[in-house]
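Novice: Let me give you the structure first, and then I'll get to my questions.
What follows draws every value from the coordinates through simple rules; no lab data is involved. Keep in mind that what you see is a predicted model, and the values were worked out from it rather than measured. Cβ atoms come from the backbone with ideal geometry, glycine included; neighbour counts cover every protein chain shown.
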Amino acid sequence: MKARYLFMFCLSATLVACDDGSDPADPGDGGVDAAPMTGFPLAGSWVDEFGTEHAITETSWVQTAGGMASTFELLDVDTEEGRIIAANDAANPFNPGLFSRFDYVDTGADLFYCQAAFDAATVEAAAAAAPSDTTDPATSGCGGMFPWTRLLPAN
């Protein structure tokens, strides 16, 4: 299974890398069918209550605190479940080259995230991490004893 996933990941990465951008009907080339991911509330620039800056796109999440940046490549975004599986960049100061699972919830008043897994050895292990409790993200539910982290729009 691991070899099959790696092959498919490498194949898809190769196909994307070989795209010359010349086909306007190809969504990846910005043609008429191109559309940004819809319903993804995390896309944008944020700051959390601890002063960490978050720059989130459809393909990456960069967290910067104290002059150190951690980059996560978004591999799977499930907007219905509020779940992201990501690859930790090899240059990250913590858990480089491993995998993370981020859970997120929009309460209507606030947007929260919880890094449910941060050091998973495989994509499958990150995906299998227990989901965070969304009952009361302002006070608990992240890892069983911590509150979630609230994201505020960056100015």
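Novice: In the neighborhood of residue 131, defined by Cβ-to-Cβ distances under 12 Å, what is the net charge if each Lys or Arg adds +1 and each Asp or Glu adds -1? Before the final figure, lay out each step's value.
Specialist: On the way: positive: 83, 101; negative: 78, 81, 103, 133.
Every neighbour counted, the sum reads -2.
Novice: How about the range 79-139: which chymotrypsin sites (Phe, Trp or Tyr not before Pro) there are in a DSSP loop, with at most 11 other Cβ atoms within 10 Å of their Cβ?
Specialist: Details: sites: 94, 99, 102, 104, 112, 113, 118; in loops: 94.
Sites meeting the loop and neighbour criteria: 94.
Novice: Taking the Cβ of residue 69 as the centre, find all other residues whose Cβ is under 15 Å away and add up their charges (Lys, Arg: +1; Asp, Glu: -1). Display every interim value, and only then the final one.
Specialist: Working: positive: none; negative: 48, 53, 73, 89.
Counting the neighbours of residue 69, the net charge comes to -4.
Novice: Could you compute the net charge surrounding residue 43? Neighbours are other residues with a C-beta less than 14 Å from the C-beta of residue 43; K and R count +1, D and E count -1.
Specialist: On the way: positive: none; negative: 58, 106.
Result for the local shell: -2.
Novice: Still on this structure, I have one more. Under 5 Å between amide H atoms, partner at least 5 residues away or on a different chain: which partners does residue 60 have, H built in plane at 1.01 Å?
Specialist: For residue 60, whose amide H was placed from the backbone, the distant partners under 5 Å are 74.
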